[in-house]
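Structure incoming, see below.
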């Protein structure tokens, strides 16, 4: 039986997609010997080397391929893949530090300077010693470069003070957001940690190498930047065979979907499920869980990119992907540029002029009502409108949606018309859209879908019937998965369960994963038992999380092993630590409960919800005094959040301190008069104190507040 404290709180949903939380900044600079990167006693690779395994890199890197693939290597060298990551260079980087630059960020002055041939970050605070951090690496080339500071534990941190290459200026990439020490997104926080969040997609054959006990990284990579081995397999055998005149052995030819999955590993917003590296030819869903619009604030209600979503999720919701179009149909894999020009619509008309891939035939000027050569006649301007991220980096949407200004007016969703015609009103754009496309837009599934998803994102009851209808009609797997994920907010409900059960056998692992995860939160959770042996790891882990959330052991040994590996790999993230603490609580390992809770809070010191979730687990372990202290700390951060006095009231009631419980619960309903559960518990406490009139009044408020 769970303690009353747990019974009366909303369950702690430990979702498969890990939430980005926070980490404590360091107070001073220290040096590290970087021991785990050394391959032998007499090899020192330095703090931030090009390679930790130069012998292997010589066998499989670009220099080994150039003899036969000179053009491909030349194309690659011009690409952002080749320049994705590198050590700092006096030649390439001196201009960014000359003269010494300063920037104000969250009330702190940062100075970027050259000192004795090295580059460093200086943190200047009034009446405090200057903090100095070596800048050892660089992410990106254009339009911006993020420099990496070396912190204790061989943590490399991406600065939010960022260099604009085009304008030769430094700027705060998160301008307008006060990111304080202790927050996840502060430059020295875990959310800006390169080892955990950036390196996988900026280096070749990366291994994170995090050690929990020492709270340090021993990360290694074969090459900085993304080189041949990230996209091709069997290279070592192929190079050896080619040197002997055999130019076909070793390599495995990937099909279109395998190639797309390889691109998606980095060009997607996702949760990494495995410590072992994705290899070309692997299935994406065996290593990652794709983020979709069932997670709020990642996408607009119609599926347009909102946060940094990195292409693949949007593309998976598009009709083009469903028709069989993949990355290589449009992009050169080595230069990353489009294979045909977009300025004259040539790339798009490759399919839409002759009907390839069952594409509808389009005559651009007739379709767009804009003159040839104008922005309004450009396919990508209208259907792949750009959103600027990191202040200076515009990125194209890959959902291929139709501009609908009415959705801007109704729901605040951007539209391409007003992005181009900035001087005109939304009503002006609505008028022209209605004149040209009125019937098409009115009947287009995009508009209906956006309205229903907007209601679902706001947890409105009327969205339920709409989601069920959309789910029944939808043919695109990305959207079916989205609806299945959103339906979790409408449980318990038999109609939801009936609609989701068939999806457990859907051909798409995205759909099966969302259906499994949603059903695991319902009375039909037993239906997901068979999914512990699903063909896709993402589905198996979704089934495992249902048992973990229900505080039950995972009954399948293979699935349990995969779950443990997943949590262990992500042990440098707060939510994984909470899951470990919850498991330790269930198994009675109190020292481990406290160890994991302390580290999770250390990683997210200024997030009130972290303290609340931690207190739930501490209470479940019987550590009520620690739970009480944790709640007080969270309440200090969020004094107007009624959850904290409510939880303290339940703890007091459990300790039979009814007067104190009443005080906390009265404060709760003063902060939130519609908190029906608090009124109910307050009524029970009044009753035990023989305050019958107060108990009756509180019970009435509980009923009317529902």
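The values are calculated or read from the model by the stated rules, or taken from the named source; none is laboratory data. All of these numbers come straight from a predicted model, not from anything done at the bench. Positions of Cβ are generated from backbone atoms using ideal geometry, with glycine treated the same way; all protein chains shown enter the neighbour counts.
For every residue, the table says whether it meets (1) under 24 Å from residue 186 (Cα atoms); (2) in contact with a helix residue (DSSP H, G or I) (Cβ under 7 Å, 6 or more places away or on another chain).
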{"residue": "597", "(1), (2)": "yes, yes"}
{"residue": "601", "(1), (2)": "yes, yes"}
{"residue": "605", "(1), (2)": "yes, no"}
{"residue": "608", "(1), (2)": "yes, yes"}
{"residue": "613", "(1), (2)": "yes, yes"}
{"residue": "620", "(1), (2)": "no, yes"}
{"residue": "623", "(1), (2)": "no, yes"}
{"residue": "626", "(1), (2)": "no, yes"}
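Determine if segment 543-558 includes at least one residue that is touching a strand residue (DSSP E or B) at 6+ places or on another chain (Cβ under 9 Å), more than 29 Å from residue 652 (Cα to Cα) and buried (at least 19 other Cβ atoms within 10 Å of the Cβ). Steps first, answer last, please.
Of all residues in segment 543-558, those touching a strand residue (DSSP E or B) at 6+ places or on another chain (Cβ under 9 Å) come to none.
Looking through segment 543-558, none of the residues is touching a strand residue (DSSP E or B) at 6+ places or on another chain (Cβ under 9 Å), more than 29 Å from residue 652 (Cα to Cα) and buried (at least 19 other Cβ atoms within 10 Å of the Cβ).
Would you mind finding the one in 627, 581 that is buried (at least 24 other Cβ atoms within 10 Å of the Cβ) and more than 30 Å from residue 270 (Cβ to Cβ)? Explain how you work it out, then say what you get.
Details: 581 fails: more than 30 Å from residue 270 (Cβ to Cβ).
Testing whether each residue is buried (at least 24 other Cβ atoms within 10 Å of the Cβ) and more than 30 Å from residue 270 (Cβ to Cβ) leaves just 627.
Something else: Restricting attention to segment 604-629, report how many residues are more than 22 Å from residue 551 (Cα to Cα) and within 28 Å of the chain's Cα centre (by Cα).
Qualifying residue count, segment 604-629: 5.
Scan segment 279-295 and report the pairs whose first residue is on the phi > 0 side of the Ramachandran plot and in contact (Cβ under 8 Å) with a residue 60 or more places away in the chain and whose second residue is part of a loop (DSSP other than H, G, I, E, B) and crowded, with 18+ Cβ neighbours inside 10 Å, with Cβ atoms within less than 7 Å and a gap of 6+ or a chain change.
none
Can I ask one more? State the number of residues belonging to segment 359-374 that are more than 22 Å from residue 322 (Cβ to Cβ) and not in a loop (DSSP other than H, G, I, E, B).
Our first condition is that a residue be more than 22 Å from residue 322 (Cβ to Cβ); within segment 359-374, this holds for 363-366, 368-374.
Applying the additional criterion that residues be not in a loop (DSSP other than H, G, I, E, B) yields 364-366, 368.
Final tally of qualifying residues: 4.
Can you name every residue in segment 520-542 that is surrounded by 24 or more Cβ atoms within 10 Å (Cβ to Cβ), in a helix (DSSP H, G or I) and at pLDDT below 95?
The answer is 528, and nothing else.
Restricting to segment 208-237, count the residues that are touching a helix residue (DSSP H, G or I) at 6+ places or on another chain (Cβ under 9 Å), over 22 Å from residue 78 (Cβ atoms) and at pLDDT 95 or above.
Going through segment 208-237 one residue at a time, the tally reaches 11.
Give segment 676-706 a look and list any residue that's in contact with a helix residue (DSSP H, G or I) (Cβ under 6 Å, 6 or more places away or on another chain) and in a loop (DSSP other than H, G, I, E, B), or say none.
689, 705, 706
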